[in-house]
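Enquirer: The structure follows.
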Amino acid sequence: MITNQIYWIAASSTSGPERIAKWTSVMNHLQDIHIHDDPLYPKCDHAPRVSKDKEKWLNAGTPALYKFEKLFTGKRVLKDVAKLSPHHQTSSLEAYHSVVIRFVPKSVVFPFLGMLCRLYSSAMHYNENAERPQKQADGKPVFKLHWPKAKEGTCTVKPLKEDPTFNYVDELMDLVFDVVFVDPAPYVSQLKQIPVPELLCSQYDRPEKEDVVARYVSRFNRGVT
């Protein structure tokens, strides 16, 4: 609930004080109090509801509520909440990282130039498909069911986007066969100018195997002190 509240605050607020007012209202909400003293957010926006289970709410004066309030209303927390923005989220970066994993799986070892080319390809694929529109059926947007693990069986929906395109592949093929193969010298020259770092293992002295074995054996043969 608190995670959803953070996103809602960022999307629905226009100023720092308003964000803080909505954030601190959670303290009342946890006590089943939905009318607040702050004029910037005087009451909760959800429909009035009567709770039949009083045990799911926190009670005033309890250690649990005190610890929560101390954590929830700290100066650093309130300072960060006031700066919440709906325009700068990490979801797009996470989506790009998932594309990179498909092009450069961590289970496979690639040479430096090979990995560089794959990273370039992943960037071109992402840039071409990042802003795909949502699918339409009979003039209505299409969604798909989604069961996230964090929801513990609760179903939600995600917008279903149009299928990805691969026009960048055709452009790369045209470049390779129509330009590079005709005169590869300039491209080979530029490729050789790319600085390739040394392998990590080559940056350290390789010890003799017998010395490493001797240290290992002596360490595990020490008497108990």
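Enquirer: Output yes when any residue across segment 167-186 is free of Cβ contacts under 8 Å to residues at least 40 places away in the same chain and among the hydroxyl-bearing types (Ser, Thr, Tyr), and no when none is.
Expert: no
Enquirer: Of all residues in segment 122-140, count the ones that are in a helix (DSSP H, G or I) and over 19 Å from residue 96 (Cβ atoms).
Expert: Applying the first criterion (in a helix (DSSP H, G or I)) to segment 122-140 yields 122-129.
Those still in the list that are over 19 Å from residue 96 (Cβ atoms) too: none.
Total meeting the criteria: 0.
Enquirer: Show the residue pairs meeting these rules: Cβ distance below 6 Å; 6+ apart or different chains; first residue within segment 7-19 and within 10 Å of residue 40 (Cβ to Cβ); second residue at pLDDT below 85 and open to solvent by 30 Å² or more (accessible area, probe 1.4 Å).
Expert: Going by the 6 Å Cβ cut-off, there are no qualifying pairs.
Enquirer: Looking only at segment 59-76, count how many residues are touching a residue at least 24 places away in the same chain (Cβ under 8 Å) and within 22 Å of residue 9 (Cα to Cα).
Expert: The total comes to 5.
Enquirer: Here's a follow-up. Please give the number of the condition residue 224 fails out of (1) open to solvent by 100 Å² or more (accessible area, probe 1.4 Å); (2) at pLDDT 85 or above.
Expert: Going through (1) open to solvent by 100 Å² or more (accessible area, probe 1.4 Å); (2) at pLDDT 85 or above one by one, residue 224 breaks only (2).
Enquirer: Output yes when any residue across segment 41-57 is within 17 Å of residue 1 (Cβ to Cβ), touching a helix residue (DSSP H, G or I) at 6+ places or on another chain (Cβ under 8 Å) and open to solvent by 100 Å² or more (accessible area, probe 1.4 Å), and no when none is.
Expert: No, there is no match, as no residue in segment 41-57 is within 17 Å of residue 1 (Cβ to Cβ), touching a helix residue (DSSP H, G or I) at 6+ places or on another chain (Cβ under 8 Å) and open to solvent by 100 Å² or more (accessible area, probe 1.4 Å).
Enquirer: Would you be able to tell me the number of residues in segment 145-162 that are closer than 21 Å to residue 91 by Cα, open to solvent by less than 100 Å² (accessible area, probe 1.4 Å), free of Cβ contacts under 8 Å to residues at least 24 places away in the same chain and of a type outside the set (Gly, Ala, Ser)?
Expert: Total satisfying the criteria: 7.
Enquirer: Can you tell which of 216, 187, 168, 126 is within 35 Å of the chain's Cα centre (by Cα) and farther than 19 Å from residue 92 by Cα? Walk me through how you get there before you give the answer.
Expert: On the way: 216 fails: within 35 Å of the chain's Cα centre (by Cα); 187 fails: within 35 Å of the chain's Cα centre (by Cα); 126 fails: farther than 19 Å from residue 92 by Cα.
It is 168.
Enquirer: Residue 110 passes all but one of (1) of a type in the set (Phe, Trp, Tyr); (2) part of a loop (DSSP other than H, G, I, E, B); (3) under 30 Å from residue 2 (Cα atoms); which number fails?
Expert: Answer for residue 110: the failing condition is (3).
The values are calculated or read from the model by the stated rules, or taken from the named source; none is laboratory data. Small disclaimer: the values here were computed from a predicted structure and weren't measured. Note: ideal-geometry Cβ built from the backbone for every residue, glycine included; neighbour counts use all protein chains shown. These area figures cover heavy atoms from the full protein model, side chains too; ligands, DNA and RNA do not enter into them. Shrake-Rupley method; radii C 1.70, N 1.55, O 1.52, S 1.80 Å.
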